Amino acid sequence: MPQDILLHDTMTRSVKNVRAADGETVRFYCCGPTVYGPAHIGNFRTFVAQDVLRRTLELAGWKTKHVRNITDVDDKTIRQSQAQGQTLGEFTGHWLGLFRADCAALNLLPPHVEPGAVAHIPQQIKLVEALLMKQHAYRTEDGSVYFRIESFPRYGRLSRVKERELSTGGTGSGKNLSDEYERESLADFALWKARKPEDGANVWCAPWGEGRPGWHLECSCMSMRYLGESFDLHGGGVDLIFPHHENEIAQSEAATGKEFAAHWFHTAHLLVENRKMSKSEGNLFTLEDLNNKGCTPMETRYVLLAGKYSQPLNFTLESLSAARAALKKLAKAAASLSAGAGEISYEQLVSQAASLSVDNPFHAAWEALKNDLNVSEALGQTFVALKDAGNFADKTAAWLGFQRIINALGLVLPAADDDAIVSVPAGVQELAAKRWAAKQTKNWQLADEYRARLTALGWAMQDAKDDYKLAPLK
Ligand code: AMP
Ligand code: ZN
């Protein structure tokens, strides 16, 4: 019997157990990246939190089905592919490759399905047809299609946008064509955008004319396609609550008459030096930026997961040094706790998922994770437990408990004697991880680019079947 995992639900504003409708597999959907540039560490805060949720569920005995979409057509991807003189597919393919490499470097479990919007245009058209048939949508003269908010009285339940009495100018009184619009505008939104000259070749044929789907539509369409009309949990950053998730609910529930998602999991934003992270502020960090400052992806992961997911997290460069020290401490503990027992793989731990007995030294840390993913408490309890490591009565149980926590957090610990061996610079390690990830996805061109960069830095990468080694070039 899987263990209960408590998690805050935005819809009910309460902490409740994550449930699987079939009692076995938690089917969940997360809004994925828009692939028009490198993902920043704010995006990765959200993806890391979702990864910790998935790992905690799996280690608690649940099966999961994790779907995360790729937004590969919207205003930004079209505009920027044109500016680069590339087709939309070439442009988004490049950024998708880099996104996947970053995910691998951060040790994120790959979603079970990672569907792209462009590959699901016919299904999106079908959904618009269903909404038109049921009078939840209407065509405009230019050939666009809008969702009629007035036809869906439950609109606003997730964000409480109506209760907050935002200045609306009245529901349904306006239309909104852009993919992202102001919080205050409670307006009918575009399901389908009629062809505009600046769209170039990026248009598709629908029964009502040429154009392309609006951004919100893809998530309704792909989540229901891969998880069913009702599924267990939906996640994303808080910025998506309104309008994106509100619109997803409206489109999906209006079409099916069923509850869309049973649990809503939102992650608060990452701030940088207490300011919103943005290009214009010049404080936007990518993994590569941090790499160039000598920080490993694992240090970044540690910083991103250490704060409570529901609270904004202030990112500082000092926090990365603290993460390095914490990871070293954990690595030393692992070396002494294992007592030669060797690592236990994530899959092995998942297959033995059971509750940790109350007298396991890491019981309190595991309970903290199950209680609304309280990672900071879990880490605190882990360090408290480690103080007593010499006195653990059942060494095997303690080693298993420790591994459970480290695996739930998805941490890959550095070698305990890292200082003694020739250390591979963080930047080189990340390039190698990216090249390996590119190879796994058979993106040979990207893999070769990374090899060339490694060579330029004086490092050789030797590939084996399941792994690779790095050595300085002779
Ligand atoms: P995007 O590529 O902008 O569609 O965003 C991908 C995911 O990252 C979404 O779930 C966003 O809500 C999330 N996100 C964007 N910025 C931040 C941030 N600063 N902190 C945390 N999550 C973010
Ligand atoms: Zn979405």
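Bear in mind that the values in this text are calculations on the coordinates, not laboratory data. Treat the numbers as computed from the prediction; the structure is a model and nothing was measured. Glycine also receives a Cβ, built like all others from the backbone with ideal geometry; neighbour counts cover every protein chain displayed.
How much of the DSSP bridge set in the stretch 1-73 is antiparallel, in percent, rounded to the nearest 5? If you can, show how the numbers build up before the last one.
Details: 4 of 11 bridges.
Close to 35 percent.
What's the center-to-center distance, using Cα atoms, between the stretch 246-310 and the stretch 360-383 in Å?
22
Name the residue from Q440, A261, A206 whose Cα lies farthest towards the positive end of the charge dipole of the chain, charges +1 on Cβ of Lys and Arg and -1 on Cβ of Asp and Glu.
Result: Q440.
Quick one: work out the % antiparallel among DSSP beta bridges in the chain, nearest 5.
So the antiparallel bridges in the chain amount to around 50 percent.
Excluding residues on the same chain fewer than 8 positions from K465, give the aspartates and glutamates whose Cα lies under 14 Å from its Cα.
none
Taking the Cα atoms only, what angle lies between the long axis of helix 375-386 and the longest principal axis of the chain, rounded to 10 degrees?
Roughly 10 degrees, rounded to the nearest 10.
Taking K329 as the anchor, which aspartates and glutamates have their alpha carbon closer than 19 Å to its alpha carbon, excluding any fewer than eight residues away along the same chain?
The qualifying aspartates and glutamates are E299, E318, E343, E377, D388, D417, D418, D419.
So how do K395, K434, K76 line up by other beta-carbon neighbours within 10 Å, fewest first?
Placing the least packed residue first, the sequence is K395, K76, K434.
Could you give each residue of the stretch 281-295 its phi-based ³J(HN,Hα) in whole Hz, using Karplus coefficients 6.51, -1.76, 1.60 with θ = phi - 60°, and x for Gly or Pro?
Couplings: 7, x, 10, 8, 10, 10, 4, 5, 4, 6, 4, 5, 8, x, 9 Hz.
For each of D467, D289, D232, count neighbouring Cβ atoms within 10 Å of the residue's Cβ, then give the residues from fewest to most.
So the residues, fewest neighbours to most, are D467, D289, D232.
Which of the pairs K439/K469; K126/K193; K76/K439; K308/K370 have their Cα atoms more than 20 Å apart in this structure?
Where the Cα-Cα span goes over 20 Å, the pairs concerned are K76/K439.
How many nm separate the modelled label positions at Q352 and E150, each set 7 Å beyond the Cα in the direction of the Cβ?
Between Q352 and E150, the label points sit 6.3 nm apart.
Pulled fully out, how much extra length does the chain show between K387 and L470, if you take 0.36 nm times their separation in residues and subtract their Cα-Cα distance?
Net length gain for the segment: 26.4 nm.
Hey, what angle do you get for helix 444-456 against the long axis of the chain, alpha-carbon based, 0 to 90 degrees rounded to 10?
40
Counting helices only, and only those DSSP H runs with n ≥ 4, report the 222 nm mean residue ellipticity of the chain as the sum of -39,500 (n - 2.57) divided by its residues, in deg cm²/dmol to the nearest 500.
Roughly -12500 deg cm²/dmol at 222 nm, from the helical runs in the chain.
If you rank D188, D466, D388 by fewest surrounding Cβ atoms within 10 Å, what's the result?
D466, D388, D188
What are the aspartates and glutamates whose alpha-carbon lies under 15 Å from the alpha-carbon of K65, with same-chain residues fewer than 8 places away excluded?
Output for K65: D22, E24, D51, E114, E229, D232.
With everything on Cα atoms, drop me the angle between helix 426-440 and the longest principal axis of the chain, reported from 0 to 90° to the nearest 10.
60
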